[in-house]
Amino acid sequence: MNAVYDPHAIEAQAQNYWDESESFRATESGEGEKYYCLAMFPYPSGRLHMGHVRCYTLGDVINRYRRLKGHNVMQPMGWDAFGLPAENAAIKNGIPPASWTKDNIAYMRNQMKRLGFGIDWSREFATCDPEYYHWEQWLFVKLYEKGLVYRKNSIVNWDPVDQTVLANEQVVDGRGWRSDAIVERREMAQWFLKITDFAEELLEELDNLPGWPESVKSMQRNWIGQSQGVEIDFQVVGDETTALTVFTTRPDTLLGATYVAVAPEHPLAQAAASENQEIATFIDECKQATTAEADLATMEKTGLPTNASVLHPLTGAELPVWVANFVLMEYGSGAVMSVPGHDQRDWEFARKYDIPVVQVIEPLGDEACDLAVAAFTEHGRCINSGEFDGLSFEEAFNGIADALAAKDAGRRVTNYRLRDWGVSRQRYWGCPIPMIHCDEEGCGVVPVPESDLPVILPTEVEFEGVRSPLTTMDSFLNCECPKCGKPARRETDTFDTFMESSWYYARFASHDANSPMVDDRVNYWAPVDHYVGGIEHAILHLLYARFYFKLMRDEGLVQGNEPFTNLLMLGMVLQDGKKMSKSAGDAGDPQKLLDRYGADTVRTAMMFAAPPDQSFEWSEAGLEGAMRFLKRLWGLVQEHTQTQAPDLDLETLTEPARELRRKTHTALQRADDDYGRRIQFNTVVSGVMELCNAVSKFPVESEQDQAVVVEALKMAVVLISPIAPHIAHDLWQTLGGSGALVDARWPELDESALEQTSLTLAVQVNGKVRGQIEIAAEASKEDILAAAKAEDNVVRHMEGKTIRKEIVVPNKLVNIVVG
RNA sequence: GCCCGGGUGGUGAAAUUGGUAGACACAAGGGACUUAAAAUCCCUCGGAGGCAACUCCGUGCCGGUUCGAGUCCGGCCCCGGGCACCA
């Protein structure tokens, strides 16, 4: 027995025990229902930060709790190893991305081990391993053959000085972050995955995910953005063969359309530019803009009229065609109809350029409607719309849709905001896109044959400037066309790193599979039962991962429809108001905290700081308190295990001993609910603290008192063990627990210990607390009210008034309404 | 701009289904022990008034529903996340 709590010795011992016993090696033949617990794998940026500590501790707490509950748990770990920072480090320090990444992984793996996470390290991999990305390339070729992959032009941020494509993050105030040159929009051929083919399924399946937070489902629904509307053709004047097609959710306002606007890249705009210098200049200016939607949404809306015009499909009126900076070629057809009377953006544009504003909808009730002040955007009743006058929104929607259909000038469509997934990146440190470009006629773009996969990314590279070394590396570039055998060139673009993070959860289940991608073990482990990660991934990563799972399903690789059953979205850990992954340097490095306090204290402080879904500013203030608590628990256990306690004899317990047992089992009940249902661990810590406080205050006067205290301490140790597993491992042995705690089972609740003979109720008069009464637990409503009305302060507040109402809330309070 | 969150003492927070606001901690102040310090233990700790009993006010702001609102509804303010090439 040790009088002093020595976290470093205890933690090393516990970790050795787990290693040697292979406690966390997960097998498909393990006992109990499988439980796949996964925290989002990290980008190996260098060192862990406190955001990582929080995320992986939370995952580990769930893992260890489920294990206590008898599940066959798997908790793997790997590395999201491709990405921009490795290239930046290479450009800055001349270190090749592969070795930089490898060193970071080694360092971070050690930190994770030091934190005592119950990870099955035998399943570890990094996404930059060819054995991993091999199968990503394989699936991409399969999808290409199925027609789910295509190539089209798309706009990127182009740095004219560095001659390179920039990520949105690398564009600061419209300039390249390195060159400071004004960034241009440039079109480039890119590979796309047809995620829009799955828009409907991705939307509908959200209803089958009760284990996901509503907020995340809502964000995904809005992102997918299903809308019912009508596609309308506007015949171009002077060109019988061409029509501008626009989509609208408000066909009821069609008679109020006063102009049509097209994107700067639209052929009509381009044609106008060739005849008009002013338009050409305007279009050039539009090119100097970011591709980020947030900027597009807030920038000033500008435009110019062209000479072109179109015919209104119902009235035949000529409407002018404008070029406008807010219309995007990427969305739909690159053209919109504008109804300034009933759309606020169109209204502002029309007012600015003196375009007529026509009212065609009037309010149904008394909503404000003054088109001189603002557009009227609510649904209403049609006016100034000829045969459609007087119709409601639904009637007009249908009437106008039918009228257009009859003229073959429109059709009802379901539209999605979701766009296809552009997966090409003009970067070196990523998975090579397995495609070959051949100049021979009839060849063109040819996928790399399955037998030639993987296309391995060369890791011995030198960066000259900022461009991808692949673009100038002959040994990589030159190849044979798989179709005609003549010299051809490899694709030098690599995949978006979201490609790797979209299926790693499945690979963990069969990390060494040589059959395509995954083998049958995946169907034991998948879906992930609990997926833990930052709220910043609520849309893109989770949507792509869901999409990928469906692609794999359709390929016959996995069963089921969704990859993640339960989702825990973490708030962010902030440092000086910024999120950890964005703050510079080692500000958030937990290493010195681990050295000073040990893993259990760091874990406990982190769990105690805030509930999982809440963002908070990290502060070291809580560490001393967490350390103090663990020391106290340590001391209490040492103090009460000096002599052997007898078995509990419930019949002979004193009233205070029964009270302590009640607290012990209340703590169990609440911890079970917090761990299992509420996923709120800060209150588990405070619950165990309360139990320890109760033990401290409890005077041991008999052997049975000691037995009750030992039961309480054993409870405290088991309940805190998912959070502080090392000290719990040690104290469990001191307390005479059987076997290792890591293999123990969750304690059984003794319902009889929870029973109370008397209750304290609050008494309110007119909703304000005026006193308390102590009353037998089985007292009737009449008894309770009588006691309440006898309470001194209550009597005073009721004096001279008439009782209007009496409310008794069982086990809580009484409210007497007087007047 | 749009979508999704959040706002409670000096600080982190608790209050689970509309039922006693501030549990549990941190910091601070006071005390015990000590030659001293550390550690540990005890007490106080939302604001105002009062010797006290107790009273009034108080969960970002304004309004509403209710016997009762931190919790529900309407309107605002501020902060955070995401917006498709950061991961």
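The values are calculated or read from the model by the stated rules, or taken from the named source; none is laboratory data. Just so it is clear, the model here is predicted, and its values are computed rather than measured. When we count neighbours, we look across all protein chains shown, and the Cβ atoms used for this are built from the backbone with ideal geometry, even at glycine.
A few notes on this one:
- Residues that are within 12 Å of RNA strand B (Cβ to nearest atom), among the hydroxyl-bearing types (S, T, Y) and more than 30 Å from A:D159 (Cα to Cα), drawn from segment A:397-431: A:Y416
- As a summary of the residue check, A:M689 satisfies the conditions (1) free of Cβ contacts under 8 Å to residues at least 24 places away in the same chain; (2) near RNA strand B (Cβ under 8 Å from one of its atoms) except for the one numbered (1).
- Residue within segment A:661-678 that is away from RNA strand B (no atom under 16 Å from the Cβ), closer than 17 Å to A:L691 by Cα, surrounded by 14 or more Cβ atoms within 10 Å (Cβ to Cβ) and not polar (S, T, N, Q) present: yes
- Flag if A:E20 is more than 13 Å from RNA strand B (Cβ to nearest atom) and touching a residue at least 24 places away in the same chain (Cβ under 8 Å): no
- Only listed residue being within 12 Å of RNA strand B (Cβ to nearest atom) and out of contact with any Phe, Trp or Tyr (no Cβ under 7 Å at 6 or more places or on another chain), chosen from A:S154, A:S122: A:S154
- Within the option set A:E491, A:E500, being in contact with a Cys (Cβ under 7 Å, 6 or more places away or on another chain), acidic (D, E) and modelled with pLDDT of 95 or more holds for one residue only, A:E500.
- Residue in segment A:535-554 that is out of contact with any Leu (no Cβ under 8 Å at 6 or more places or on another chain), more than 22 Å from A:P42 (Cβ to Cβ) and among the β-branched types (V, I, T) present: no
- Within segment A:239-267, tally of residues that are assigned to a loop (DSSP other than H, G, I, E, B) and over 27 Å from A:R381 (Cβ atoms): 8
- Residue count for segment A:173-198, restricted to those that are more than 11 Å from RNA strand B (Cβ to nearest atom) and either acidic (D, E) or closer than 22 Å to A:I283 by Cα (or both): 10.
- Just one residue in the set A:D783, A:D730 is among the acidic types (D, E), crowded, with 19+ Cβ neighbours inside 10 Å, part of a helix (DSSP H, G or I) and more than 14 Å from RNA strand B (Cβ to nearest atom); that residue is A:D730.
- All of (1) in contact with a strand residue (DSSP E or B) (Cβ under 9 Å, 6 or more places away or on another chain); (2) within 30 Å of A:L296 (Cβ to Cβ); (3) surrounded by fewer than 19 Cβ atoms within 10 Å (Cβ to Cβ) hold for A:V156 with one exception: (3).
- Listed by first and then second residue, the pairs linking a residue in segment A:179-201 that is under 24 Å from A:T497 (Cβ atoms) to a residue that is in a helix (DSSP H, G or I), with Cβ atoms under 6 Å apart and 6 or more places separating them unless they lie on different chains, are A:R185/A:K287; A:I195/A:F547; A:F198/A:F547; A:F198/A:K550; A:A199/A:I224.
- Any hit, segment A:355-363, residues being among the polar types (S, T, N, Q) and within 40 Å of the chain's Cα centre (by Cα): no
- Conditions (1) without any contact (Cβ under 8 Å) to a residue 60 or more places away in the chain; (2) on the phi > 0 side of the Ramachandran plot; number of the one not met by A:E651: (2)
- A:L633 crowded, with 21+ Cβ neighbours inside 10 Å, of a type in the set (A, V, I, L, M, F, W, C) and either assigned to a helix (DSSP H, G or I) or in contact (Cβ under 8 Å) with a residue 40 or more places away in the chain (or both): yes
- Filtering segment A:538-561 for residues that are assigned to a strand (DSSP E or B) and within 16 Å of RNA strand B (Cβ to nearest atom) leaves an empty set.
- Selection within segment A:284-324: residues that are assigned to a loop (DSSP other than H, G, I, E, B), over 30 Å from A:A403 (Cα atoms) and touching a helix residue (DSSP H, G or I) at 6+ places or on another chain (Cβ under 8 Å). The member of this set that is farthest from RNA strand B (Cβ to nearest atom) is A:T302.
- Pairs, first farther than 30 Å from A:E31 by Cβ and part of a helix (DSSP H, G or I) in segment A:65-88, second charged (D, E, K, R) and within 16 Å of RNA strand B (Cβ to nearest atom), C-beta under 8 Å, six or more apart: A:L84/A:E169; A:L84/A:R427; A:E87/A:R427
- Some residue of segment A:751-758 being at positive phi, more than 16 Å from RNA strand B (Cβ to nearest atom) and either free of Cβ contacts under 8 Å to residues at least 12 places away in the same chain or surrounded by 13 or more Cβ atoms within 10 Å (Cβ to Cβ) (or both): no
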